[in-house]
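The values are calculated or read from the model by the stated rules, or taken from the named source; none is laboratory data. Only a predicted model underlies this, so the values are computations on that prediction, with no experimental measurement involved. Ideal geometry is used to build each Cβ from the backbone, glycine not excepted, and the neighbour counts take in all protein chains shown.
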Amino acid sequence: DAGVIQSPRHEVTEMGQEVTLRCKPISGHNSLFWYRQTMMRGLELLIYFNNNVPIDDSGMPEDRFSAKMPNASFSTLKIQPSEPRDSAVYFCASSYRGWGSGTEAFFGQGTRLTVV
Amino acid sequence: AQKITQTQPGMFVQEKEAVTLDCTYDTSDQSYGLFWYKQPSSGEMIFLIYQGSYDEQNATEGRYSLNFQKARKSANLVISASQLGDSAMYFCAMREAPSTGANSKLTFGKGITLSVRP
């Protein structure tokens, strides 16, 4: 398997523009996570899907952020409008649902977003 | 409330020596899993080791072992025979058993920076 695939790897955009980050999870995985990583706040969970359904979006910072998972093989995280404080590395991760052995999350390479 | 606590700001270890990275967690569940991840300077997140709450033995994976003390709610990572390539950020994470609502999110601590000296 190719692993979790994120695109783009780098994104530079102007404040106010819409940004869409994409993620293809590992085939067969039924949980998908979006995380944001910054020096100040560390690794924050933004939203978590199970079987394509959003289960917990309490980490989404504000209404400018939205996430969708239209099918088991694709998810998007959208920021509209973007602001400089959104600059961060955004990770997508997937795993099997549950808590036992074999449910570790596999991470994509991340998208480094810079909003100027 | 913070679920995962990693308080060591930065750790240094001499090459070939062992090092312990601390992690404490907070949960009222009996069923949960604990994970450690490594993030080198290149940025990728690499899974290292898993420990289940019902596992009677401490998990081991090569040079990595997890010192699991359930009563103290600690899950420290031990790296034996440190190598220069072990220099990285290390994250502890927990996943509680899914409830009826299927909420089994993976929560991370703030991480510990490890530097291995030659």
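Quick notes on this one:
- Candidates B:GLY85, B:GLY62 - the one that is modelled with pLDDT of 95 or more, loosely packed, with under 15 Cβ neighbours inside 10 Å, more than 12 Å from every other protein chain (Cβ to nearest Cβ) and within 20 Å of B:MET11 (Cα to Cα): B:GLY85
- When each of B:LYS16, B:LYS38 is tested for being among the basic types (Lys, Arg), more than 9 Å from chain A (Cβ to nearest Cβ) and outside any strand (DSSP E or B), the lone residue that passes is B:LYS16.
- Output for the stretch B:1-23, where each listed residue is polar (S, T, N, Q), in contact with a strand residue (DSSP E or B) (Cβ under 6 Å, 6 or more places away or on another chain) and farther than 15 Å from B:LEU106 by Cα: B:GLN6, B:GLN8, B:GLN14, B:THR20
- Highlighted here are the strands (runs of 3 or more DSSP E) found entirely within the stretch A:22-116 that include at least 2 residues which are of a type in the set (Ser, Thr, Tyr) and under 30 Å from B:THR113 (Cβ atoms): A:31-38, A:88-95, A:111-115.
- Lone qualifier among A:ILE47, A:ILE55, A:ILE26 - being more than 30 Å from B:PRO9 (Cβ to Cβ) and within 11 Å of chain B (Cβ to nearest Cβ): A:ILE55
- B:GLY43 being over 21 Å from A:SER31 (Cβ atoms) and part of a loop (DSSP other than H, G, I, E, B): yes
- From the options A:THR38, A:THR20, residue that is more than 12 Å from chain B (Cβ to nearest Cβ) and closer than 26 Å to A:THR114 by Cβ: A:THR20
- In the stretch B:28-50, the residues that are on the phi > 0 side of the Ramachandran plot form Cβ pairs under 7 Å with partners that are not aromatic (Phe, Trp, Tyr), at six or more places apart or across chains, as follows: B:GLY43/A:VAL89; B:GLY43/A:GLY110.
The rows are residues; the columns are (1) surrounded by fewer than 16 Cβ atoms within 10 Å (Cβ to Cβ); (2) farther than 27 Å from B:TYR90 by Cβ; (3) small (Gly, Ala, Ser).
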{"site": "A:VAL4", "(1), (2), (3)": "no, no, no"}
{"site": "A:SER31", "(1), (2), (3)": "no, no, yes"}
{"site": "A:THR38", "(1), (2), (3)": "yes, no, no"}
{"site": "A:ARG41", "(1), (2), (3)": "yes, no, no"}
{"site": "A:TYR48", "(1), (2), (3)": "no, no, no"}
{"site": "A:ASP57", "(1), (2), (3)": "yes, yes, no"}
{"site": "A:LYS78", "(1), (2), (3)": "yes, yes, no"}
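- Here A:PHE106, A:PHE74, A:PHE91, A:PHE65 are screened, and the one residue that is crowded, with 16+ Cβ neighbours inside 10 Å, more than 8 Å from chain B (Cβ to nearest Cβ) and not aliphatic (A, V, I, L, M) is A:PHE65.
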